[in-house]
Structure formats: structure tokens, C-alpha cells
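The values are calculated or read from the model by the stated rules, or taken from the named source; none is laboratory data. Predicted, not measured: the structure shown is a model, and the values here were computed from it. For neighbour counting, all protein chains shown are included, and Cβ atoms are generated from backbone atoms with ideal geometry for every residue, glycine included. Note: areas computed on protein heavy atoms with side chains; ligands, DNA, RNA excluded. Shrake-Rupley method; radii C 1.70, N 1.55, O 1.52, S 1.80 Å.
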Amino acid sequence: MDTSDFRRIFEPDVRCLVDWPRLEEHCHVSLELITAPEELGALSTVWYVRDDDRLGGWQDQHAVRVTVNDAARRTDFPSRESAGYVERIQRGILAGDHPRVWVTPAFRTQTGETIILDGNHRAVALLMSGAPIALFVAVAQGLDDARVFPDLLHERADRLTATEWGSEVRVLRRHFGLADSGSPGAGGRHVGAHETG
């Protein structure tokens, strides 16, 4: 699979912010198979929590990404509505109403963290179900350029002052055509506006 295939297949369904032309130009793609619960649980979601355990977003400098394993352990996460959606998927998996083999797109950072771009709810439901896992992950990888995927700004979070972080967030919001929130880091990415499955 090359980056043009990756874009053609996944762009219509991915709801998180991705600069697809930039990804296509600057990344490469590999296809990996996950069959172990530990591997699935180690994948990162596009959901974040702040220090006070409230839902955060890519714009929050001190928020941390939640892994599939962490999300599966939480109650009503990332919201009560999302938890209900995960439960419905989980019941469907156990009833045999879902495919045995799944495919999801992801981005791998230079430090090796794999972030699911679409299918976060499904991944959590699959892990919680205890059903056999057969998940193909189409992994885009390149430089940790937040202009490709703004979540990658977190790869530099510990090296930026609050002022530098705020400036970077404003640049990225403009790059992705988002209105300026007025207070960098104050707004989180909400599930409904980000990714639902």
C-alpha cells in the first residue's frame, strides 16, 4: 500500500485533523497485523486526558494520549454516549454481527507510538470483548510534523514553553482552517468533532 492508496481508502472516513496532501507527499505506509490483546491495548487513541483526569485535546500541552487499554478501563469514557457506542459494538462482536478481520489507519511517531486515526471506539470494543483479534493496521509514518497531523505537536510538548506552545497551536489552527479559540490550550478536541468509531 502506498500513501495515495492510504489516502483514497481512509480519507473519507477519518474525522481527526489530517493534512492529506502533506501526508501523501511526506510519509510512507506499511501494513501490520495485530492479533495479541497486549498489542491492541498498546495502541494510542486520539483521546486525551488532562492532569485533573478531564477529557482534553491535542491543543492541551499537558494532556496525555489515552491508549486503547487505558480507555477500556475507564467508565463513561470519553463520554457516556461513547461508552454506550463501545458497548453496542462489543455486543455485536460477541454476537458475530461484526467482521472477524478489521482494518484501521494509524500514524506512527518517530518514537514508535502508534496512534489510531479512525476506529478508536471499535478498537476499545474489540479489546473489551475478549474475542479473537485480527486487526490490520495501515500505518503512515514520516517526520513528526504537526502540519500533517496536529496531535504530533505533543511530540515536542516538553521542549516548548507555554508561550511557544500557544503560538504553535494558533499556527496549526490556521493551517487546518479552525477558528482561533482565543486561549491556546484551553479548548479540547471533543469526540463528536473528532472521531466516533
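Looking only at the stretch 132-143, how many residues end up being open to solvent by 20 Å² or more (accessible area, probe 1.4 Å), touching a His at 6+ places or on another chain (Cβ under 9 Å) and either among the small types (Gly, Ala, Ser) or more than 12 Å from Ser30 (Cβ to Cβ) (or both)?
Matching residues across the stretch 132-143 total 1.
Could you list, in sequence order, the residues of the stretch 96-131 that are of a type outside the set (S, T, N, Q), more than 19 Å from the chain's Cα centre (by Cα) and open to solvent by less than 40 Å² (accessible area, probe 1.4 Å)? It would help to see each step written out before you state the result.
Step one: filter the stretch 96-131 for residues of a type outside the set (S, T, N, Q), giving 96-103, 105-108, 112-113, 115-119, 121-128, 130-131.
Right, trim to more than 19 Å from the chain's Cα centre (by Cα) and you get 96-101, 130-131.
Residue satisfying the conditions is Ala131 alone.
Identify the residue in the stretch 23-38 that is more than 20 Å from Val148 (Cα to Cα) and either free of Cβ contacts under 8 Å to residues at least 60 places away in the same chain or assigned to a strand (DSSP E or B) (or both) and, among all such residues, is least open to solvent (accessible area, probe 1.4 Å).
Of all residues in the stretch 23-38, those more than 20 Å from Val148 (Cα to Cα) come to 32-38.
Now drop any that are not either free of Cβ contacts under 8 Å to residues at least 60 places away in the same chain or assigned to a strand (DSSP E or B) (or both), which leaves 32-34, 38.
Values: Glu32: 60, Leu33: 90, Ile34: 16, Glu38: 133 Å².
The selected residue is Ile34.
So, in the stretch 150-197, exactly how many residues are part of a helix (DSSP H, G or I), at pLDDT below 50 and open to solvent by less than 20 Å² (accessible area, probe 1.4 Å)?
Residues flagged as part of a helix (DSSP H, G or I), at pLDDT below 50 and open to solvent by less than 20 Å² (accessible area, probe 1.4 Å) within the stretch 150-197 amount to 1.
Thr45 versus (1) more than 13 Å from the chain's Cα centre (by Cα); (2) surrounded by 12 or more Cβ atoms within 10 Å (Cβ to Cβ); (3) not in a loop (DSSP other than H, G, I, E, B): which is the lone unmet condition?
(1)
Which of (1) open to solvent by 20 Å² or more (accessible area, probe 1.4 Å); (2) of a type outside the set (Lys, Arg); (3) touching a residue at least 24 places away in the same chain (Cβ under 8 Å); (4) outside any helix (DSSP H, G or I) does Asp5 not meet, given it meets every other one?
Looking at each condition in turn, Asp5 falls short on (4).
Mind checking which residues of the stretch 48-84 are open to solvent by less than 30 Å² (accessible area, probe 1.4 Å) and within 17 Å of Pro150 (Cβ to Cβ)?
Once the filter is applied, which keeps residues that are open to solvent by less than 30 Å² (accessible area, probe 1.4 Å) and within 17 Å of Pro150 (Cβ to Cβ), the stretch 48-84 yields Tyr48, Gly56, Gly57, Trp58, Gln59, Asp60, Gln61, Ala63, Val66.
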